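Coordinate-derived values only; no laboratory data. Since the model is a prediction, treat every value here as computed from it, not as a measurement. A quick note on method: Cβ atoms are made from the backbone with ideal geometry, for glycine too, and the neighbour counts reach across all protein chains shown.
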C-alpha cells in the first residue's frame, strides 16, 4: 500500500472524502449557504439536507435555488427561502449582510482562511449553529489527522525555506504565514519565506530574490513548468502541487497533506 493510499484511509475515517448529503430531517434548520466552502463543510457535517439555497459559485448543488454571490447576495432570493440560518464568509460586508438577513434568521459570518486552527473553529461553530449531531468527534478527528500528517512532514523538512506561489504565470501571488496555505506549510515544519501576513502580488523574480527559497511550490503542475522556464538553472527545487487541494477551508485540506506527504515525506515514514 502506498503512502498516499494509507493516508486516504485516514481521510475516509475522518469523513472528508465520501460525503453524501443527508435527507432533510425534522430538526434541520433551513440554511442558505453563501459560499461553496461553507456548503462543503455543511455537507461534511451531515447537514447538506438542511441547505435550501446556495450562491452562484456552488457548482455541485445544481438543483438548489441560487442566492447571488458572496459580495453581491440576492436579498429577494434569500428572503423567499425563509432561512433559519444564513451563513457567509466574513469577506462579506457585515452591515450589508445584517441588512439583508431575513427577519427571524440568524446571520453567521465565518472565516477559515487564516490557519488550520481557524478551520477547526469554523467547523465547530458551523456544527453548533446547524445543530449537527456527533460533530465534535468528527472535528476532533480532523484536527488529529492534520496534526499527525504535519508531524511526519516536519520530521523530514523542518527549517527548509519555501516560497509558495499561486502560480508562475500571469499575475501570481505568494502566501504568507498568516494565510491558510502558508500555515499548512508552517505547521509541516517549513520556513515560509514570504513576510507579508496574508498574500502578496509581485513578479516571480522579486519574490525569489527576496525570499531566497530552497523550494518553490507552484499550485498547479503547468505553473511549475513555467517556474522552471523562468529560471532554468534556479538553484532551488520547483514543485507543482494540485491547487484544488489547498483552496477550500475544511476537511478536504487533508488531501493537501496527503499530496505533500507523497512529494516531501518519503523519508519520514517512521516519524510519530
* How far apart, in nm, are two points set 7 Å out from the Cα along the Cα-to-Cβ line at residue 109 and at residue 128? -> 1.9
* Structure fact -> residue 80 and residue 209 label points (each 7 Å along its Cα→Cβ direction) are spaced in nm at 5.5
* **FRET efficiency, 1/(1 + (r/R0)^6) with R0 35 Å, evaluated for residue 151 and residue 59 via beta carbons** => 0.55
* Once you have the Cα-Cα distance between residue 121 and residue 201, take 0.36 nm times their residue separation minus that, and quote the gain in nm to one decimal. => 26.0 nm
* On full extension of the chain, what length is gained from residue 99 through residue 161, given 0.36 nm per residue of separation minus the C-alpha to C-alpha distance? -> 17.8 nm
* **Relative contact order of the stretch 157-267, pairs being alpha-carbon contacts under 8 Å that are 6 or more residues apart, as %** => 26
